[in-house]
1. For a label point 7 angstrom out from the Cα of residue 228 toward its Cβ, which stretches of segment 1-28 have the backbone nitrogen within less than 18 Å?
2. With the other protein chains left in place, how much accessible area per residue, in square angstrom, belongs to the chain at a 1.4 angstrom probe?
3. Give me the one-decimal nm value for the distance between modelled label points at residue 187 and residue 173, 7 Å along each residue's Cα-to-Cβ direction.
4. Using label points projected 7 Å from each Cα along Cα→Cβ, tell me how many nm separate residue 72 and residue 115, to one decimal.
5. Suppose each label sits 7 Å from its Cα in the direction of the beta carbon; what would the residue 180-residue 208 distance come out to in nanometres?
6. Which length gain, in nm to one decimal place, applies between residue 57 and residue 243 when the Cα-Cα distance is subtracted from 0.36 nm times their residue separation?
7. Subtracting the Cα-Cα distance from 0.36 nm times the residue separation, let me have the gained length for residue 157 to residue 144 in nm, one decimal.
8. Once you order the gyration tensor axes a ≥ b ≥ c over the Cα atoms, which shape class does the chain get: rounded for a/c under 1.5, otherwise prolate or oblate by comparing a/b with b/c?
Amino acid sequence: MILYPAIDIRGGRTVRLLRGDYDHETVYDADPLDAAQRWAEQGARRLHIVDLDGARDGRPANLEQVRRIAAAVEVPVQVGGGLRDAEAFAAALDAGAARGVLGTGALERPALVEELVVEHGDRVVVSVDARGGRVAIAGWEQHTEVEPVELIGSLARRGVTHFVYTPVEVDGTMEGPGLDDLREVAAAAAEAELIYSGGVGGLDDLVTLRDLGLDNLAGAIVGRALYEGRFTVAEGQAVLDGDAG
């Protein structure tokens with residue numbers, strides 16, 4: 001498993017939201033590049049960047065920040081937020097992203113996902129955010145009646161090989177991961193890689209995720225716990241590697 005430090009960008013700054021609420025924001029770095037370099041120096045193998053302005057407004061707004069980060073650190077980055085058409089997806093890759101992450105666009109336009117998979121293969125990641133057992137879109141502000149398992153299963157059959165799954169109720173709380181539906185979500189992903197996000201507050205939470213024994217659980221995204229010094233990237237990665245914990 002790989003630990004993915006999260007870099008959420010809003011208004012050009014690194015922030016974290018509580019449970020996906022834009023009105024409950026904590027600013028951690030005035031320059032997202034500072035966060036990227038810090039996590040890279042601590043041994044990050046990949047970075048997970050979310051353009052929160054893009055996620056809310058439906059078009060990328062912070063690709064210049066992505067470009068700066070990708071040029072400055074020798075760590076592959078995956079980028080999401082506002083990638084709702086082929087042009088926006090290509091723009092993220094052109095900015096230096098190793099992978100582009102689709103959220104709202106994947107639900108609203110499944111044919112787009114199929115098109116992008118044909119063109120970009122495993123550089124396509126689909127992020128599925130769940131609130132109350134249903135998929136949330138548009139920066140977590142719109143709710144649907146679609147179940148995460150249903151969406152993930154459908155898109156896995158369309159060739160998606162990487163998914164991010166976030167139970168929004170625990171995101172940013174550091175109160176532990178939301179495990180209720182994780183086994184079902186992993187099963188729906190079938191052979192695709194699943195990356196979990198949300199609620200990690202300490203190394204014990206990473207041990208819990210690691211020890212679930214889910215063969216396709218390939219990573220964990222961590223945000224607030226890293227920014228608040230609960231553990232370092234190196235310590236977290238050691239746990240996921242099975243070298244500690």
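1. 5-8, 14-28
2. Details: 9840 Å² over 245 residues.
In whole numbers, the chain has 40 Å² accessible per residue.
3. 2.4 nm
4. It works out to 3.4 nm between the two label points.
5. About 1.4 nm separates the two model spin labels.
6. Result for the pair: 62.8 nm of gain on full extension.
7. Answer, rounded to one decimal: 2.6 nm.
8. Note, shape of the chain comes out rounded.
The values are calculated or read from the model by the stated rules, or taken from the named source; none is laboratory data. Quick caveat: nothing in here was measured; it's all calculated off a predicted structure. All Cβ positions, glycine included, derive from the backbone under ideal geometry; neighbour counts span all protein chains shown. Just so you know, the surface numbers come from the protein's heavy atoms only, side chains and all, with ligands and any DNA or RNA stripped out. Shrake-Rupley method; radii C 1.70, N 1.55, O 1.52, S 1.80 Å.
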